Amino acid sequence: MTSQPQTSFPPDSVPQLDLPAQYKAIGAEIRTAVERVMASQQFVLGREGAALEEEIAKLCGVAHAVGLASGTDALILALRACGVHAGDEVLLPPFTFVATGSAVSALGAKPVFADIRPDTYNIDPAELERRVTSRTRAIVVVHLYGLAADMDPILAFAKSRKLPLIEDNAQAIGASYKGRRTGSLGDATCLSFYPTKNLGAYGDAGMLVTNSAELAARIRTLRNHGQAGKYLSTEPGWNSRLDEIQAAILRVKLRHLSNWQRARQSHAAEYNRLLSEIPGVMPPVAPEEFEHVYHQYTIRVEKRDALQKCLSERKISSTVYYPHPLHLQPLYSALGHKAGDFPHSERAAKEVLSLPMYPELRKEQIARVVEAVVEFLKC
Ligand SMILES: Cc1ncc(COP(=O)(O)O)c(C=O)c1O
């Protein structure tokens, strides 16, 4: 017997994310878009991808966007186009999804970690000065959970050292920092359309956005085997092309993104209202002039693992993003780091818990989650 795709969750459970509910609402629009691609019989680098690139560039407030196969490819190609080579050092936070680091490693470059701020979970600008060396060739900042990193001091540092700045905006499409959209602040930005992202495809997909025409042209070449003209390659590249079905699906979902974003922000406000007075819980912080898009609603509690177990017993899903900071991953054992090297990242990895967050979440579900958290903290 083959297993059926999950179409909904049991009514008495609260999932972490409810993609079946989203599909129920927009399925007809999606099927029309997919049908359009089928009828065109053009599947790679066609009209849908080009239109999506324009629409995403507009959303991010940049001049150029290049559709790619994944967010990881966007990071690797951005680093490469910014001049990072084997043996170079790249500054990045250790508290992030592994792709941020493995993109650096894919080029044979060395990740050099800079600790995060304990309140926002994003890179601490003051740490950059401590970790930079004469071998540093680029900086990657991550806008974790949907909140921008504190970009002004980071931009000033990058400028003073003449280092290219890459934004890992995989989790924060639509967020802004002092009135400017994430993605428009650095030299190049990676976007991920992994299915669980705020703007998620029905498979893997990604994009690079930039204001540099030169950089965009180079990425267009690199994503297609280094071909500058038809069957004429100028440098080694590979296949990182965005396919038309994913682009068409993303264009449908993009029309809903601002409503979904408002729904996420309203759910976060409700969680904040209910959790703010509860001792032992630290709700997420959104500094003034930072617009958080709540890819995740992440709280901090000391007895995190026990809380997660208690929620699970009540059929409430929650997830730890991320339990192992990069410097302590086996992948990076050769770098010789030890526990205590990046204390804020290590503590966050032990204490963070992301609660259910998605546009279709209902107020009574939020109340149920909070009630379970409160009950747990009482005992
Ligand atoms: C912070 C971060 N960076 C990079 C990536 C990589 O994106 P992708 O999965 O599309 O390759 C992701 C998502 O998975 C991510 O969350």
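The values are calculated or read from the model by the stated rules, or taken from the named source; none is laboratory data. Note that the structure is a prediction, hence the values are computed from the model and not measured. Here the Cβ positions follow ideal geometry from the backbone for every residue, glycine too, while neighbour counts run over all protein chains shown. The protein model used for the area step is the full one, side chains on, heavy atoms only, and it has no ligands, DNA or RNA in it. Shrake-Rupley method; radii C 1.70, N 1.55, O 1.52, S 1.80 Å.
Give all pairs with beta carbons closer than 6 Å in which a residue from the stretch 275-302 that is acidic (Asp, Glu) meets a residue that is assigned to a loop (DSSP other than H, G, I, E, B); count only pairs at least 6 apart in sequence or on separate chains.
Sorted first by the residue in the stretch 275-302, then by its partner, the pairs are Glu289/Lys178; Glu291/Ala175.
Sort out which residues of the stretch 328-371 are assigned to a helix (DSSP H, G or I) and within 20 Å of Ser266 (Cα to Cα), and write them in order of number.
So the first thing to find is which residues in the stretch 328-371 are assigned to a helix (DSSP H, G or I), and the list is 328, 330-335, 343-351, 363-371.
Result: Lys363, Glu364, Gln365, Ile366, Ala367, Arg368, Val369, Val370, Glu371.
Regarding Leu77, is this residue part of a helix (DSSP H, G or I) and within 16 Å of the ligand (Cβ to nearest atom)?
For Leu77, the condition - part of a helix (DSSP H, G or I) and within 16 Å of the ligand (Cβ to nearest atom) - is met.
Look at Val112 and say whether it is open to solvent by less than 60 Å² (accessible area, probe 1.4 Å) and either within 16 Å of the ligand (Cβ to nearest atom) or touching a residue at least 40 places away in the same chain (Cβ under 8 Å) (or both).
Against the criterion (open to solvent by less than 60 Å² (accessible area, probe 1.4 Å) and either within 16 Å of the ligand (Cβ to nearest atom) or touching a residue at least 40 places away in the same chain (Cβ under 8 Å) (or both)), Val112 does not qualify.
Among the listed residues Leu191, Leu215, Leu208, Leu199, identify the single one that is near the ligand (Cβ under 9 Å from one of its atoms), touching a residue at least 40 places away in the same chain (Cβ under 8 Å) and not hydroxyl-bearing (Ser, Thr, Tyr).
The unique qualifying residue is Leu191.
Based on this model, can you work out whether Pro356 counts as farther than 20 Å from Ile116 by Cα and surrounded by 19 or more Cβ atoms within 10 Å (Cβ to Cβ)?
On the way: farther than 20 Å from Ile116 by Cα: yes; surrounded by 19 or more Cβ atoms within 10 Å (Cβ to Cβ): yes.
Criteria met by Pro356.
Open to solvent by 20 Å² or more (accessible area, probe 1.4 Å), within 23 Å of Ala65 (Cα to Cα) and assigned to a helix (DSSP H, G or I): does that describe Arg130?
In short, no.
For (1) within 16 Å of the ligand (Cβ to nearest atom); (2) crowded, with 21+ Cβ neighbours inside 10 Å; (3) touching a residue at least 60 places away in the same chain (Cβ under 8 Å), each residue gets a yes or a no:
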| residue | (1), (2), (3) |
| --- | --- |
| Leu19 | yes, no, yes |
| Ile26 | no, no, yes |
| Glu35 | no, no, no |
| Phe43 | no, no, yes |
| Thr72 | yes, yes, yes |
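Please enumerate the residues belonging to the stretch 214-251 that are open to solvent by less than 60 Å² (accessible area, probe 1.4 Å), small (Gly, Ala, Ser) and out of contact with any Lys or Arg (no Cβ under 7 Å at 6 or more places or on another chain).
Listed by number, the residues that qualify are Ala216, Ala217, Gly226, Gly229, Ala247.
Only one residue in Ala205, Ala170, Ala201 is in contact with a helix residue (DSSP H, G or I) (Cβ under 7 Å, 6 or more places away or on another chain) and open to solvent by 10 Å² or more (accessible area, probe 1.4 Å). Which one? Let's see the steps before the verdict.
Working: Ala205 fails: open to solvent by 10 Å² or more (accessible area, probe 1.4 Å); Ala201 fails: open to solvent by 10 Å² or more (accessible area, probe 1.4 Å).
Result of the check over Ala205, Ala170, Ala201: Ala170.
Right, Pro11: part of a loop (DSSP other than H, G, I, E, B), out of contact with any Lys or Arg (no Cβ under 8 Å at 6 or more places or on another chain) and open to solvent by 10 Å² or more (accessible area, probe 1.4 Å) or not?
yes
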